[in-house]
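Enquirer: Below you will find the structure I want to go over with you.
The values are calculated or read from the model by the stated rules, or taken from the named source; none is laboratory data. Computed from a predicted model, the values in this text were never measured in an experiment. A quick note on method: Cβ atoms are made from the backbone with ideal geometry, for glycine too, and the neighbour counts reach across all protein chains shown.
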Amino acid sequence: MGLTRVLLIAVVVWLVFVFIRRQLGKTRRPPGQAQVKLVRCARCGVYLPESETKPDAHQARICAHH
Ligand SMILES: [Zn+2]
């Protein structure tokens, strides 16, 4: 009876510990977003990932569809 209770408490403490560590990891490092570099289009002023832009005649970054 006593051992079951200790095990139950241990499992609950472990779950809380894992949950807190996961929450801390989320706030510290948002997945995927830190690596995307946003650049501003020189023509229309929209921010978009650098991979979706191209250089214009003056070496400024513009949307790929211009
Ligand atoms: Zn643009």
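Enquirer: Would you be able to tell me the number of residues in segment 55-66 that are of a type outside the set (V, I, T) and either within 10 Å of the ligand (Cβ to nearest atom) or touching a Cys at 6+ places or on another chain (Cβ under 8 Å) (or both)?
Expert: 6
Enquirer: Show the residue pairs that are 6+ apart or on different chains and have beta-carbon atoms under 8 Å apart, the first residue being within segment 33-45 and surrounded by 10 or more Cβ atoms within 10 Å (Cβ to Cβ), the second being of a type in the set (S, T, N, Q) and at pLDDT 90 or above.
Expert: From segment 33-45, the pairs are V39/T53; C41/T53.
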